[in-house]
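Notes to accompany the following structure.
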Amino acid sequence: MKKFPAAPMLGAVLVVMLTACDPAIEPIDTTVDLGADPHSYANYEQVRIEHLALALTADFSDRTLSGHVTLDLAQDDLAERLVLDTWRLDVRDINRVGPDGELKPLSWRLADSDPENEYLGAPLIIAMERGVDRIRIDYTTSPDAFGLQWLDGQQTTSGEPFLFSQSQPIFARTWVPLQDTPAVRYTFDAEITVPSDLMAVMGAAGNPTEIQSDGVYEFNMPQPIPSYLMAIGVGKLEFEPTGPRSGVYAEPSLVDAAAEEFSELEAMIDAGEALYGPYRWDRYDLLILPPSFPFGGMENPRLSFITPTVIAGDKSLTALIAHELAHSWSGNLVTNSAWQDLWLNEGFTTYFENRIVEALYGPERAEMEATLDRIGLQEELKELDEAEQVLARDLSGQDPEQAFNGVPYDKGRLFLLWLEDRFGRETLDAFLRQYFDHFAFESIDTEEFIAYLEANLLPQDPDAVSMEQVREWIFEPGLPGYAVLPASGAFDQVDEWRRQWLDGEIELSEIPVDEWTVSEWRHFLLKLGDRLDAEQMAAMDAEFGLTGTGNVEILYLWLVRAIETRYEPGIERLEDFLLEVGRNKFTRPLYEELAATDWGREWAIDVYQRAKPGYHPLTRQAAERALGIASQENVEQR
Ligand code: BES
Ligand code: ZN
C-alpha cells in the first residue's frame, strides 16, 4: 500500500497510510503536502504555533520523556486541519482545550513515515474544528529518539545519569510534536520533572542554580524561537558564574575547570554587542556535556551546549564559544527559514566568530584560524559535487544533514569577508547591525537577504560590487576568482621549518614550538599527511610528547598521522579516544581513516562495538556508515 513517490519533491502531494487513529472518530483527509520547507510536513502557512507549553517527566529507566504539550494556534483563514511533525512518538490522546481548560477530544491520525525519507518522521494530522485555538497532545518519546541521548551512571564522571537534547536540524520532532521548521517561531514555557537528585536546565529563562529537592523545574522562553533551538539537559549539574549575565553548568568534577577555561565569556558578550548590537537574550550560560556530545557546540538560546573536549587548560579553543555566542545574533535572532538557507546562519556566524576572536585575542590569532578554515574549505571543495558547492543549495528530497559541510560555514564567511574588503569594515559592520535589527526574531530566506543587501548595502558604494557577483557567490559552485582569501604569514615560517626537518636540514629540537599556538601546530601536522613513517612519528613523539597532548585539535591530527603510519603508541591512545569521545567531527573521519587501511577496519569495528553503548545515535549512524556496517536498528526494522 505504499503510495509515496520515490523522492518527494518540493510541493509534492503525498498520500499516507494510516496506522494509529481513534476509531470512534470520523475519517479525515490524510494527504500531506510537503510545504515551502521540504523538511517539514507542517501546514504552517495556514495555521501556526504561537506558544507552546510542555509538561514532561524524564524517566531514565525507560529512557523516555512523557507527558503533554499544549499548543496555542493562530490561523489566517479557517484551516481544516493541523499537520505536525513527529518521529516515533507514542501519541495517546489529542484534545482541544476550552476557555476554562476543559478537554474535548479531537479527530486525529498518525500517518506512516515515508520509507524513502524515514528521517522526516510521520505527519500527525489533526482535524480542526471551528474556533480551536488551543490543543493538548499527550505523548511519550521513543528510547531511540535522535534528538535525545540518555546516558547511565557508568557513562558520566559523576556516576549519575545524564540526558541532553540535540534538536537541530530536524530532531525536535523526536521529542515534541510540533511544526518542525525554522520558518515558525513561538514562545514557550515548560514544567519538567526529573529524579530528585538531578537538575534540569533548558535553553530558556528560569534555569536553576541549585538542585530542587522535589525534582520539578519551571522555565519560560519569552522571545520567539524556532523548533531547532528547543533544548533540555538533565544531570548532576552545578553552576558557577563567570560574570553578571553568564556562567557555566557542568558535572561537579568539571565545573571549576570549565569556569576557568571560559572566564572570558562576559568579555565575549561585550565584544559581540560592540560589533552587532544588543544581546537580546538576557543571560548567556554554557552547559558542558559529557564527551559523547556529537558536536563541538550547539547554539541553544541562553544556554549553548558545549563539548568538554574544548577545555584545553589554556583557553586555546575558545573560538568555538565565540561561534556559539555569535549565533545569538546570526541564527537565533535572524534565522534561516529552511535548511537550504543554512549559510545565513553558519556563514554569518563563522565571520562573526572570527571578529570576536580578533577583538579578544588580536588579529594574528584570528588570521591563523581563518587561514586554516580557508585551506580546509579549498581541500573540501575538491571532493564535493558542484551542487554541494553552492551556498543556497536545493535540499528537497535530501536529509538536511547533507547541508552541514564547509560550504555554508567557510564559503559563507568568505562572501562576507569579500563584502568587507569591497565596502570597508565600518560600512559592512553598520549594515550588519541594521540587518540584525531589521529582521530581529524573524526567519528569512536567501532571496529576502539578497533584496535587503541590494536595497541597503549596495547603494552605499555603487561601484563596489555588482549583483551578478553577489549571485555568483550564492548560486554558483566553487569560489569566485576575485574572492579575498585569508593567508597568515605565520604559516610560511611553519612551512619552512617542516620542509627543513623533512629534508634533514634541521633537528626537531631546533623548531621553536614553545612559541607556537594551536593553529601553528595544526598547520604543521596537516601538511605532514601521508609523508611520515612510524620512525619519524616516534622521533616527534619523543621530542614533543604528542601522544599525550591535552589539546584535542592537535591530538586529532596526530591520531590521523598515527593511523597512516600505524604508529603503535598513537593507536593505543586512539582506542581510548574513540571509547570516550563521540564528537563526530573527530570520530567520523577517524573511523573513515581506519576503514581505508588494510589492517584497521576489523580493529575499528571491534572498538566501535565497545564504544557504541556510550555513543549518541548520530555518532553511531556516522560511524556505521564509515565502517560500512549495517545499523542494528535498520536490521531490526527489516
Ligand atoms: N549549529 C551548529 C551545530 C550543528 C551542526 C547542529 C550540524 C546540527 C548539525 C553549531 O553552531 C556549530 O557549527 N558547531 C561547530 C563548531 C563551530 C566552531 C564550527 C561544531 O559543532 O563543530
Ligand atoms: Zn554554527
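Every residue, every condition in (1) in contact (Cβ under 8 Å) with a residue 12 or more places away in the chain; (2) within 23 Å of V607 (Cβ to Cβ), yes or no:
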site	(1), (2)
L502	yes, no
A542	no, no
Y556	yes, yes
K585	yes, yes
Given the residues E353, E346, E379, which is the only one that is away from ligand 2 (no atom under 14 Å from the Cβ) and either surrounded by fewer than 20 Cβ atoms within 10 Å (Cβ to Cβ) or modelled with pLDDT of 95 or more (or both)?
-> E379
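Scan segment 316-335 and give yes if some residue there is under 24 Å from G550 (Cα atoms), at pLDDT 95 or above and more than 16 Å from ligand 2 (Cβ to nearest atom), otherwise no.
Within segment 316-335, the subset under 24 Å from G550 (Cα atoms) is 316-324.
In the following step, the residues that additionally are at pLDDT 95 or above were identified as 316-324.
Keeping just the survivors that are more than 16 Å from ligand 2 (Cβ to nearest atom) gives 316.
Yes, segment 316-335 contains at least one residue that is under 24 Å from G550 (Cα atoms), at pLDDT 95 or above and more than 16 Å from ligand 2 (Cβ to nearest atom).
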The listed residue being near ligand 1 (Cβ under 9 Å from one of its atoms), at positive phi and not acidic (D, E), out of G277, G331 = G331
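Do the conditions hold for E515, that is, is it without any contact (Cβ under 8 Å) to a residue 24 or more places away in the chain and either within 26 Å of E367 (Cα to Cα) or among the β-branched types (V, I, T) (or both)?
Working: without any contact (Cβ under 8 Å) to a residue 24 or more places away in the chain: yes; either within 26 Å of E367 (Cα to Cα) or among the β-branched types (V, I, T) (or both): yes.
Yes, satisfied.
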Search segment 142-156 for residues that are free of Cβ contacts under 8 Å to residues at least 12 places away in the same chain and pair each with any residue that is surrounded by fewer than 21 Cβ atoms within 10 Å (Cβ to Cβ) when their beta-carbon atoms are under 7 Å apart and the residues are at least 6 apart or on different chains.
-> G153/G159; G153/E160
Considering every residue within segment 223-230, establish whether at least one is modelled with pLDDT of 95 or more, assigned to a strand (DSSP E or B) and hydroxyl-bearing (S, T, Y).
-> no
Where a residue in segment 401-421 is under 30 Å from N117 (Cα atoms) and within 16 Å of ligand 1 (Cβ to nearest atom) and its partner, wherever it lies, is basic (K, R) and at pLDDT below 95, with Cβ under 7 Å and at least six apart | A403/R393
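Can you find, within segment 283-314, the residue that is nearest to ligand 1 (Cβ to nearest atom) among those that are aliphatic (A, V, I, L, M) and in a strand (DSSP E or B)?
Taking segment 283-314 and keeping what is aliphatic (A, V, I, L, M), we get 286-289, 298, 303, 306, 310-312.
Narrowing the set further to residues that are in a strand (DSSP E or B) leaves 286-288, 298, 303, 306.
Numbers: L286: 13, L287: 14, I288: 14, M298: 5, L303: 13, I306: 9 Å.
That would be M298.
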Output the strands (runs of 3 or more DSSP E) that fall wholly within segment 62-110 and possess 1 or more residues being among the β-branched types (V, I, T) and at pLDDT 95 or above, or say none.
-> 64-75, 81-86, 90-97
Looking only at segment 442-472, which residues are surrounded by 15 or more Cβ atoms within 10 Å (Cβ to Cβ) and not in a helix (DSSP H, G or I)?
-> S443, I444, D445, L457, A464, V465
Read through the list (1) surrounded by fewer than 21 Cβ atoms within 10 Å (Cβ to Cβ); (2) in a loop (DSSP other than H, G, I, E, B), then give the number of the only condition that Q154 fails.
-> (2)
Do the conditions hold for W281, that is, is it within 13 Å of ligand 2 (Cβ to nearest atom) and aromatic (F, W, Y)?
-> no
Set A366, A370, A338, A322: member being within 12 Å of ligand 1 (Cβ to nearest atom) and surrounded by 22 or more Cβ atoms within 10 Å (Cβ to Cβ) = A322
Show the residue pairs that are 6+ apart or on different chains and have beta-carbon atoms under 6 Å apart, the first residue being within segment 296-313 and farther than 16 Å from A259 by Cβ, the second being of a type in the set (S, T, N, Q) and near ligand 1 (Cβ under 9 Å from one of its atoms).
-> G296/T307; G297/S304
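Within segment 272-282, is even one residue free of Cβ contacts under 8 Å to residues at least 40 places away in the same chain and assigned to a helix (DSSP H, G or I)? Show your work before the answer.
In the first step, residues of segment 272-282 are kept if they are free of Cβ contacts under 8 Å to residues at least 40 places away in the same chain; the result is 273, 278.
Checking which are assigned to a helix (DSSP H, G or I) leaves us with 273.
The answer is yes, given that some residue of segment 272-282 is free of Cβ contacts under 8 Å to residues at least 40 places away in the same chain and assigned to a helix (DSSP H, G or I).
Find the residue count for segment 149-206, including only residues that are within 16 Å of ligand 1 (Cβ to nearest atom), of a type in the set (S, T, N, Q) and within 20 Å of H327 (Cα to Cα).
Within segment 149-206, the subset within 16 Å of ligand 1 (Cβ to nearest atom) is 149, 164-175, 180-182, 203.
Now drop any that are not of a type in the set (S, T, N, Q), which leaves 149, 165-168, 174, 181.
Then keep just the ones that are within 20 Å of H327 (Cα to Cα); that gives 165-168, 181.
Selection size over segment 149-206: 5.
Among what's in segment 157-191 and is in contact with an Asp or Glu (Cβ under 6 Å, 6 or more places away or on another chain) and in a helix (DSSP H, G or I), pick the residue that is nearest to V581 (Cα to Cα).
Taking segment 157-191 as the starting set, the residues that turn out to be in contact with an Asp or Glu (Cβ under 6 Å, 6 or more places away or on another chain) are 157-158, 161, 170, 172-173, 180-181, 183, 186, 191.
Keeping just the survivors that are in a helix (DSSP H, G or I) gives 172-173.
Numbers: A172: 24, R173: 26 Å.
Within segment 157-191, the match that is nearest to V581 (Cα to Cα) is A172.
So, in segment 56-91, of the ones that are polar (S, T, N, Q) and surrounded by fewer than 17 Cβ atoms within 10 Å (Cβ to Cβ), which residue ends up farthest from G131 (Cα to Cα)? Walk me through it before giving the result.
Just the residues of segment 56-91 that are polar (S, T, N, Q), to begin with: 57, 61, 64, 66, 70, 75, 86.
Next, from what is left, pick out any that are surrounded by fewer than 17 Cβ atoms within 10 Å (Cβ to Cβ): 57, 61, 75.
On the way: T57: 30, S61: 40, Q75: 10 Å.
Among them, the one singled out is S61.
The values are calculated or read from the model by the stated rules, or taken from the named source; none is laboratory data. Owing to the predicted nature of the structure, the values given are computational and were not obtained by experimental measurement. Ideal geometry is used to build each Cβ from the backbone, glycine not excepted, and the neighbour counts take in all protein chains shown.
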